[in-house]
1. Somewhere in segment 247-265, is a residue more than 20 Å from residue 49 (Cβ to Cβ), touching a strand residue (DSSP E or B) at 6+ places or on another chain (Cβ under 9 Å) and surrounded by fewer than 20 Cβ atoms within 10 Å (Cβ to Cβ)?
2. What do you reckon, is residue 127 at pLDDT 95 or above, surrounded by fewer than 20 Cβ atoms within 10 Å (Cβ to Cβ) and in contact with a helix residue (DSSP H, G or I) (Cβ under 8 Å, 6 or more places away or on another chain)?
3. Can you run down the residue pairs with Cβ atoms below 9 Å, 6 or more apart or on separate chains, where the first is in segment 286-307 and over 13 Å from residue 129 (Cβ atoms) and the partner is in a helix (DSSP H, G or I)?
4. Pick out, from segment 159-227, the helices (runs of 4 or more DSSP H) lying fully within it that include 2 or more residues that are at negative phi and touching a strand residue (DSSP E or B) at 6+ places or on another chain (Cβ under 7 Å).
5. Looking at this structure, is residue 289 part of a helix (DSSP H, G or I), modelled with pLDDT under 95, touching a strand residue (DSSP E or B) at 6+ places or on another chain (Cβ under 8 Å) and more than 20 Å from residue 66 (Cβ to Cβ)?
């Protein structure tokens, strides 16, 4: 999640083939040119690191899971719709059904080992062209994750919000804030329409800070489905960030996994972006982003409705 990604138009390939090629390129490029010029782990060499990915159908997880497996990590992937998790066949991958509103299902995914990282990348599915109601998905869901971790004995947590959340807070957008006049997607319409989820992310951050766990709060910039470009930049604990900076899902996932192997940002809120400005990416526009987000929301809604119908008929 995170959570409001953009789609790049492909002129040569169909959408499904394009995504497969980009995912393969992301994994290959992310790990064939590490800073020291060597590979961290081969695909057959276990690293000894275990991660639990909460929200395993999120777009970030599409990069996070294969990269983690490539590094040799053991992965437990937790999702409301486990049949939508990609990369289902791997000896170090376990896929479980779980819901952040159901604490017991999260507990069942945890080993109770203190060194096991719990990485939360879930988020709401939204149509940014309409106002999204107030929600407690992130705050209550993270509360349940934290309670599950404490009950099982896990101590390390990463949660994912957005660089837009503090911007919404700075604008003073609340549930009853009137819509600004003449606001457009380019001038901040999405900030206004999504103020409910963004404000909930800020609540989640405060809950995480008070958890007593070893935590890292992740605030990604505008996430794009693109091959990795590097140039990742970090602003810590509210340091200023440049406007309209993007980061590729592949680069964001690689940075997350770096933190599972380091304690450099424990106890920090890290805004993660790149030195690439939004206008440097061809084929990215608000219309294509809306089309992608609407399609993704429609798929999620259809899946959940079908799941509910099956349970009712059982």
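The values are calculated or read from the model by the stated rules, or taken from the named source; none is laboratory data. Every value quoted in this text rests on a predicted model; they were computed, and no experiment measured them. Please note: Cβ atoms are built from the backbone with ideal geometry, for glycine as well, and neighbour counts cover all protein chains shown.
1. Keep residues of segment 247-265 that are more than 20 Å from residue 49 (Cβ to Cβ), which gives 247-249.
Subset that is touching a strand residue (DSSP E or B) at 6+ places or on another chain (Cβ under 9 Å): 247-249.
Narrowing further to those that are surrounded by fewer than 20 Cβ atoms within 10 Å (Cβ to Cβ): none.
No, segment 247-265 contains no residue that is more than 20 Å from residue 49 (Cβ to Cβ), touching a strand residue (DSSP E or B) at 6+ places or on another chain (Cβ under 9 Å) and surrounded by fewer than 20 Cβ atoms within 10 Å (Cβ to Cβ).
2. Numbers: at pLDDT 95 or above: no; surrounded by fewer than 20 Cβ atoms within 10 Å (Cβ to Cβ): yes; in contact with a helix residue (DSSP H, G or I) (Cβ under 8 Å, 6 or more places away or on another chain): yes.
The answer is no for residue 127.
3. 296/59; 299/84; 300/84; 303/83; 303/84
4. Working: elements: 164-171, 189-193, 195-209.
Because the criterion is at least 2 residues that are at negative phi and touching a strand residue (DSSP E or B) at 6+ places or on another chain (Cβ under 7 Å), the helices (runs of 4 or more DSSP H) in segment 159-227 that meet it are 195-209.
5. Values: part of a helix (DSSP H, G or I): yes; modelled with pLDDT under 95: yes; touching a strand residue (DSSP E or B) at 6+ places or on another chain (Cβ under 8 Å): yes; more than 20 Å from residue 66 (Cβ to Cβ): yes.
It is true that residue 289 is part of a helix (DSSP H, G or I), modelled with pLDDT under 95, touching a strand residue (DSSP E or B) at 6+ places or on another chain (Cβ under 8 Å) and more than 20 Å from residue 66 (Cβ to Cβ).
Each row is one residue, and each column tells you yes or no for (1) under 20 Å from residue 160 (Cα atoms); (2) surrounded by fewer than 23 Cβ atoms within 10 Å (Cβ to Cβ).
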{"site": "57", "(1), (2)": "yes, no"}
{"site": "61", "(1), (2)": "yes, no"}
{"site": "71", "(1), (2)": "no, no"}
{"site": "80", "(1), (2)": "yes, yes"}
